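K.L.:
Dumping the structure here so I can ask a few things about it.
The values are calculated or read from the model by the stated rules, or taken from the named source; none is laboratory data. Since we're looking at a predicted model, the values are computed, not measured. Don't worry about glycine lacking a Cβ; one is built from the backbone with ideal geometry, like all the others, and counts go over all protein chains shown. These accessible areas exclude ligands, DNA and RNA; they are computed on the full protein's heavy atoms, side chains included. Shrake-Rupley method; radii C 1.70, N 1.55, O 1.52, S 1.80 Å.
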Amino acid sequence: TLGTQTDYRDGEAQTDPYSPEYVVPSGSVPELLTLATLTWGRGLPAGLAEVEMIERAREKRVWEATLPATDSASQITKRRKMMDEMERKEWAFREQEIEKLQEVRLEVLKKLLRRREKNQNELDAKRLDDHWQNHQKAKEEKMKKRVHDCELMLRKLIAKRKNVMGKLERRDIIKEYTDFASQTYAPLSRIGYFPDNHSERYVVKNFYLNTFAGLCELEASLPDSVTQVNVKAPKPKYTTTKTGFIKRSARLEMELAQVHQALLEKKNKVKEPKTPLRFLEKVEKPVPRPPTPILEKPSIEEEETELAVICLQKLLRGRAIQNTMFEEKEKRLELIRELRTTHALQEDGQLLLKAEEQMTLALQKQRDLQMHKLSSVENHLAREEGRVLANIFDFLSKELVRLQEERKIHAFVMLAERQRRMREAEERGRRQVEERQRQEEDEIFKQAREGDCTIDSYLEDIILSSMENTAEEQAREEIQRMAVEINDIAYEMESRRTRLQSEEIVAELVYDFLIPEAEKMSVREKVRQSQRKHIYAAHQIIHRGIE
């Protein structure tokens, strides 16, 4: 009454399939036991190789069954030839398997070589990238140094340009004290000021620190808690609770200690020296560029005049090109008109091509619809055929089972009938013996009473009765012996029934049941076709009348 939903398939949670115990009857060797060495994951589920192995084992068993006996020299020679031929075939097959295995190993070796080559290429590329990055870093450092030197020189040049004439300026004390970057607040050693000189003036001189008497007085003024330290033993920290669980603070301390240890290991880890590249190429430095020439700056009037001349030249050149284009247009006017008409025709052709393309697409779509209809009709027909064949085969299998059961029941009935007749015969014999004894006793009593019968008639009656009894016993024994022989013959015929006889029985079943059924179906189809014509004619008449 309950159900569960899982994210896994049954195949993922399935263990090894269950193999039940089995008992093999004496005298039988099932073919399935030859596959007992195959287990789940090692041959099961069976693939192409396992199917080929099973087929080879079957062929070998058939071949072993066809081997001649070793009762004569010719048969022994023939047997040896057949065994030699089979051994050659097995060796050839083994050689083919070895070649296939070698090919597989070669493919695996090729894949490994490709993978190793790929890894080596990636390692070389990584080393080249690292080398290139190192060169780039050195280049960037050099560029930064050059930029810094350039800025320094520019600042020096700007400072020199401020006083080109070398005039003396009067000191502005107010400006120096308002600017915290001036020499007043931050004097430079290149001007002659050394900040390390006279540094002793900043040293603190105290009586209590520099003299022994001052230290004694300072020590006497301090309380006892400062000079006499009272150390208490620390109490151990309990990291676990009474119930045995670790506290959160202890867990956090443990995690912090692990992280600290990992950081120390990473910090103290010695970097492996990078191996030098094997294929290094020396990059030659480019030739230094010549110094940039310096031109004199022209005056403003000359620049305006030059710009006016350039603008006038552009206007004149544009007008000349325009006139040339107009003249060429007038010369080739007819060609331009022809090209325009051709372009118009090309547009018409493009429209026709588009129409043809649409028509082709429509035809293709119609053909796809027809193919879909045909495939659906074929699928329906195949489904109906499969259903009919399945019903026929089901009927035949059931009939075969019924006939087998009927034969078994008939055999049981015959056995029961034979036992009944034997019991009836035994009962009849006992009744006859009793009746005979009763008749003999009556006859003896009658003869003894009457005294009319003679000893000869009495003896004759006894002899006749004994003859009848002997004949009856012999007939009963003969009937029993014949019944046993007929029963043995019937069992022997049932056990020796071959595949051909079974096929004959199946052929009789097919001939008795399948062919009449097929004839019935064909007759029904013919009747249905003939009725369909009449129905179609009636439908046409009705539709005409409605129209």
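K.L.:
So, in segment 35-66, of the ones that are open to solvent by 70 Å² or more (accessible area, probe 1.4 Å) and of a type in the set (S, T, Y), which residue ends up farthest from the chain's Cα centre (by Cα)?
P.N.:
T66
K.L.:
If you don't mind, there's one more thing I want to ask. Which residue pairs have Cβ atoms under 7 Å apart, sit 6 or more places apart or on different chains, and have a first residue in segment 195-211 that is part of a loop (DSSP other than H, G, I, E, B) and open to solvent by 100 Å² or more (accessible area, probe 1.4 Å) and a second that is modelled with pLDDT of 75 or more and of a type in the set (V, I, T)?
P.N.:
Here the result reads none, with nothing in segment 195-211 linked to a residue that is modelled with pLDDT of 75 or more and of a type in the set (V, I, T).
K.L.:
I'd like the full set of residues that are without any contact (Cβ under 8 Å) to a residue 40 or more places away in the chain and open to solvent by less than 80 Å² (accessible area, probe 1.4 Å), limited to segment 429-443.
P.N.:
Those that are without any contact (Cβ under 8 Å) to a residue 40 or more places away in the chain and open to solvent by less than 80 Å² (accessible area, probe 1.4 Å): V433, R436, E443.
K.L.:
Follow-up. Just give me the residues in segment 44-53 being more than 18 Å from M86 (Cβ to Cβ), of a type in the set (A, V, I, L, M) and part of a helix (DSSP H, G or I), in sequence order.
P.N.:
L48, A49, V51
K.L.:
Further question: Test L128 against the criterion of being open to solvent by 80 Å² or more (accessible area, probe 1.4 Å), in a helix (DSSP H, G or I) and at pLDDT 85 or above, and give yes or no.
P.N.:
Answer is yes for this residue.
K.L.:
R317 - would you say it is basic (K, R), over 51 Å from the mean Cα position of the chain (by Cα) and modelled with pLDDT of 85 or more?
P.N.:
Here the answer is yes, as R317 does meet what is asked.
K.L.:
Here's a follow-up. Out of (1) among the β-branched types (V, I, T); (2) surrounded by 10 or more Cβ atoms within 10 Å (Cβ to Cβ); (3) not in a helix (DSSP H, G or I), the odd one out for V147 is which?
P.N.:
Checking V147 against (1) among the β-branched types (V, I, T); (2) surrounded by 10 or more Cβ atoms within 10 Å (Cβ to Cβ); (3) not in a helix (DSSP H, G or I), the one that fails is (3).
K.L.:
Restricting to segment 468-501, name every residue that is modelled with pLDDT under 80, open to solvent by less than 70 Å² (accessible area, probe 1.4 Å) and among the small types (G, A, S).
P.N.:
Within segment 468-501, A490 is the sole residue that qualifies.
K.L.:
Could you figure out which of (1) over 60 Å from the mean Cα position of the chain (by Cα); (2) free of Cβ contacts under 8 Å to residues at least 60 places away in the same chain isn't true of A390?
P.N.:
Checking A390 against (1) over 60 Å from the mean Cα position of the chain (by Cα); (2) free of Cβ contacts under 8 Å to residues at least 60 places away in the same chain, the one that fails is (1).
K.L.:
Of the residues that make up segment 133-144, is at least one of a type outside the set (K, R), over 30 Å from K285 (Cα atoms) and either in contact with a strand residue (DSSP E or B) (Cβ under 6 Å, 6 or more places away or on another chain) or at pLDDT below 95 (or both)?
P.N.:
No.
K.L.:
Further question: Provide a single number: the residues in segment 295-314 that are at pLDDT 85 or above and among the small types (G, A, S).
P.N.:
So the count comes out to 1.
Condition check ((1) open to solvent by less than 100 Å² (accessible area, probe 1.4 Å); (2) more than 30 Å from N121 (Cβ to Cβ); (3) modelled with pLDDT of 75 or more) across all residues:
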site: S249; (1), (2), (3): yes, yes, yes
site: E253; (1), (2), (3): no, yes, yes
site: L256; (1), (2), (3): no, yes, yes
site: E284; (1), (2), (3): no, no, yes
site: V287; (1), (2), (3): no, yes, yes
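K.L.:
Within segment 52-86, track down each residue that is of a type in the set (D, E) and more than 28 Å from L32 (Cβ to Cβ).
P.N.:
Scanning segment 52-86 gives D71, D84, E85.
K.L.:
Within segment 129-141, identify whether any single residue is farther than 30 Å from E31 by Cα and in contact (Cβ under 8 Å) with a residue 40 or more places away in the chain, and answer yes or no.
P.N.:
Here is the first cut: in segment 129-141, the ones farther than 30 Å from E31 by Cα are 129-141.
Among the residues that remain, those that are also in contact (Cβ under 8 Å) with a residue 40 or more places away in the chain are: 130-131.
Within segment 129-141 (the criterion being farther than 30 Å from E31 by Cα and in contact (Cβ under 8 Å) with a residue 40 or more places away in the chain), the answer is yes, since at least one residue qualifies.
K.L.:
What residue, of Q350, Q358, is at pLDDT below 85, open to solvent by 100 Å² or more (accessible area, probe 1.4 Å) and of a type outside the set (A, V, I, L, M)?
P.N.:
The unique qualifying residue is Q350.
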